[in-house]
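Trainee: Got a structure for you, written out below as structure tokens; questions coming shortly.
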Amino acid sequence: MIDLLALTLGGLLGKTPPSIEVVPIVAWQEAKVFDVPTQSDPVVESIIADYLKNLASLGFPAQKQGIWLQSDWAYLGDHQAKTPLSAASLTKIATSLAALETWGTEYRFKTEFLTVGTLENGVLKGDLIVKGSGDPLFVWEEAIAVGNKLNELGIKEVTGKLIIVDNFAMNFKSDPQTSGQLLQLAFKSSRWTPLIRQQYRTLPSNTPKPEITIQGRVAVTDNVPDTAKTLFTHQSLTMAELLKQMNIYSNNVMSEMIAESVGGAAVVSQMAAKAAKLDTQEVQLINGSGLGVENRISPRASVGMLMAIEEKLANNPLSVADLFPMGGRDKIGTVQWRNLPDGVAVKTGTLAQVSALAGVIPTKERGLVWFSIINHGPNIDRFRVEQDRLLQRLANHWNLTPVVSPVKATQPIKLGDPKRNSHTES
């Protein structure tokens, strides 16, 4: 979904997108430590050769395309696999891996609601304070749940200001002033817009509608007053659930927020490369989302990071397929219009002259087969068609065996779940 923003950016600015320059890497790539055992497969080699030949016939030179294929134990095919190429939202694979390295799957961001006032007859005489910690998916549904919690505590009116402290964003608006104004609107159902009412209808039918009047303005400060008292703490979805939403929609704002919480693009690059046992020259990032041709990842590195995520989840009921969209299962987001084989989990990437796809094919013959395809050229739609055809041919060759996700992972996420509001932090 968000990939489309990058795709249209050049047109919106009235400029021709810059051509993508392939950047070579230095001789460390030849070191034996990076060798992967080879299992020759003439059929796969033929499929890749046909793919590249077809792209060349369409005017897309082979030197601007990259491919890497491997099983858990053997290399299966490649083309320019070690060259860092502009990889668009494959960058989010690095962000996902760094997030798991930092927090694990069950971590939740906390948003604290405090006051320096006193409550009398439904009126909070003083300020209402919101202290964020980087929740990247605090949206209308979450705000409604928070408003209802304040109503449950007896708060119907606030005479003071709505004060925003630290890293609080709402509806993917990183400006705290704007986020505070959106929160204020969510608290007062009599002023809801059609969009808010639409999101409210996705909640359980017995969900109350909050009604809180805040008399003062929205203010942004750096610190919570020493005299403030905590009313309750709101917890985000789990990190696994957040990453799944980020990757299904390729949400740039979510990925930027998570990357910044990790420590920024440089930290994400280093953590992801280390976890995947890669040289940092194969993972060169300027941000955590992939917006910008300067984000460069080699095809081999994108596979290595996906495999590192799978290894990180080894003692977890989840797998890579539960953090990324899957063909045949997910009918929304970036795979909505793709013709992917059922059971193939992927991460898409799109910029004005970049179309990328990386993921895993569960097969009967080879087990899990990991792949990355990075295409450079002006026809994004055609690249997607050719990528899907390549995967279909590979899946047919290896006898696709779709993996059934754990029940926990297939349950729909519960935005606006009141159970994530608690009086004390857990």
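Trainee: Find the percent of Cα-Cα distances in the stretch 168-297 that exceed 27 Å, and round it to a whole number.
Mentor: Within the stretch 168-297, distances greater than 27 Å cover 39 percent of Cα pairs.
Trainee: Roughly how tilted is helix 299-312, in degrees to the nearest 10 and between 0 and 90, from the longest Cα axis of the chain?
Mentor: 50 degrees
Trainee: A follow-up question, please. Using helices alone, I'd like the mean residue ellipticity at 222 nm for the chain: each DSSP H run of four-plus residues gives -39500 (n - 2.57), total over residue count, nearest 500.
Mentor: -10000 deg cm²/dmol
Trainee: Another question, if that's okay. Which of the listed residues, 334, 121, 360, is farthest toward the dipole's positive end in the chain, when Lys, Arg count +1 and Asp, Glu count -1 at the beta-carbon?
Mentor: 121
Trainee: Between 401, 363, 202, find the one with the highest GNM mean-square fluctuation for the chain; connect C-alpha pairs within less than 10 Å.
Mentor: 202
Trainee: Okay, next question. Running Debye on the stretch 196-267 with equal point scatterers at the Cα sites and no solvent, what base-10 log of I(q)/I(0) appears at q = 0.14, 0.19, 0.21, 0.26 Å⁻¹?
Mentor: Treating every Cα as an identical point scatterer, log10 I(q)/I(0) equals -0.88, -1.20, -1.18, -1.16.
Trainee: Using a basic spin-label model with each label point 7 Å from the Cα along Cα→Cβ, how many nm lie between residue 202 and residue 336?
Mentor: Distance between the two pseudo-spin positions: 1.2 nm.
Trainee: With charges set only on the Cβ (+1 for Lys and Arg, -1 for Asp and Glu), what does the dipole of the chain come to about its Cα centre, in debye to the nearest 20?
Mentor: It comes to approximately 920 debye.
Trainee: Can you tell which of 204, 84, 341 shows the greatest fluctuation in a Gaussian network model of the chain with Cα springs below 10 Å?
Mentor: 204
Trainee: Taking amide H positions as placed 1.01 Å from N in the peptide plane, with prolines and chain starts having none, which residues 5 or more places from residue 329, or on another chain, fall under 5 Å of its amide H?
Mentor: Close amide H contacts, sequence-distant or interchain: 343.
Trainee: Taking H as built 1.01 Å from N, whose amide H comes closer than 5 Å to the amide H of residue 163, not counting residues under 5 places away?
Mentor: Here 128, 129, 130, 219 satisfy the definition.
Trainee: Provide 78, 226 in ascending order of the number of other Cβ atoms located within 10 Å of each residue's Cβ, fewest first.
Mentor: Details: 78 20, 226 6.
In order of increasing Cβ crowding within 10 Å: 226, 78.
Trainee: Let me ask you something else. Scan the chain and report its longest stretch carrying no trypsin sites (Lys or Arg not before Pro) that are both in a DSSP loop and have at most 10 other Cβ atoms within 10 Å.
Mentor: Counting only loop sites that pass the neighbour cut-off, the longest clear stretch is 16-200.
Trainee: For residue 124, what residues show an amide H to amide H distance below 5 Å, using hydrogens built from the backbone and excluding near sequence neighbours?
Mentor: Those lying under 5 Å, H to H, from residue 124 are 156, 157, 158, 159.
Trainee: Compute the long axis of helix 265-275 from its Cα atoms, compare it with the longest principal axis of the Cα atoms of the chain, and write down the angle in degrees, 0 to 90, nearest 10.
Mentor: That works out to roughly 60 degrees.
Trainee: Using a Gaussian network for the chain with springs between C-alpha atoms less than 10 Å apart, which of these wobbles most: 268, 344, 165?
Mentor: Top of the fluctuation ranking is 165.
Trainee: Assuming 1.306 mPa s and 10 °C, estimate D for the stretch 110-236 with Stokes-Einstein, Rh taken as the Kirkwood radius over Cα pairs, in µm²/s.
Mentor: Roughly 110 µm²/s, to the nearest whole number.
Trainee: Over its Cα atoms, what ratio of radius of gyration to 2.2 N^0.38 Å does the chain give?
Mentor: Relative to the rule-of-thumb radius for its length, the chain sits at 1.07.
Trainee: Spin-label point model (7 Å from Cα, Cβ direction): what's the residue 185 to residue 209 distance in nm?
Mentor: Roughly 1.6 nm, to one decimal.
Trainee: Return one number: the angle in degrees, 0 to 90 and rounded to the nearest 10, between the long axis of the Cα atoms of helix 239-249 and the longest principal axis of the Cα atoms of the chain.
Mentor: On a 0 to 90 degree scale, this one is about 60.
Trainee: Go through 172, 206, 225 and say which Cα lies farthest out towards the positive end of the charge dipole of the stretch 110-236; charges sit on Cβ, +1 for Lys and Arg, -1 for Asp and Glu.
Mentor: 206
Coordinate-derived values only; no laboratory data. Values in this document were obtained by computation on a predicted structure and should not be read as measured data. Please note: Cβ atoms are built from the backbone with ideal geometry, for glycine as well, and neighbour counts cover all protein chains shown.
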